[in-house]
C-alpha cells in the first residue's frame, strides 16, 4: 500500500537534507568566527613569535635584575647593570638565532 502512494523519492529527500545540514553547519561556524565566539588555534608562526618575544623580554629583564642586584650589593652603580644588560641582550639574540635556525621535524 505504501508503494502506491505518490510522492517524492526518499533518497532525494535525504540528500537534500544532508546538503542543507552541511550548509547550515558551515554558516554557523562562519558566524561564530565572525562574532569571535570561537578561539582559533595558534599556528607555528604565532607560537614562534611568542617565543621570540619571551626570549627578548627574559634576556633583558634577567640581565637588568642581576646587574642591579650586584650593583646594589657591591656599590658599583650603574656599571654592572649596564654590563649585565648588554650580556642579557647578547644571550637573548643568541637564543633567538638558535631558535630560528633549527630545522623543524617536518622539514
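The values are calculated or read from the model by the stated rules, or taken from the named source; none is laboratory data. Only a predicted model underlies this, so the values are computations on that prediction, with no experimental measurement involved. Positions of Cβ are generated from backbone atoms using ideal geometry, with glycine treated the same way; all protein chains shown enter the neighbour counts.
In segment 22-46, the residue that is modelled with the highest pLDDT out of those that are surrounded by 10 or more Cβ atoms within 10 Å (Cβ to Cβ) and under 23 Å from residue 102 (Cα atoms) is 46. Return the residue satisfying two criteria in turn: it lies in segment 59-69 and is in contact with a helix residue (DSSP H, G or I) (Cβ under 7 Å, 6 or more places away or on another chain) and surrounded by fewer than 17 Cβ atoms within 10 Å (Cβ to Cβ), and of such residues it is farthest from residue 45 (Cα to Cα). For segment 59-69, the residue satisfying everything is 68.
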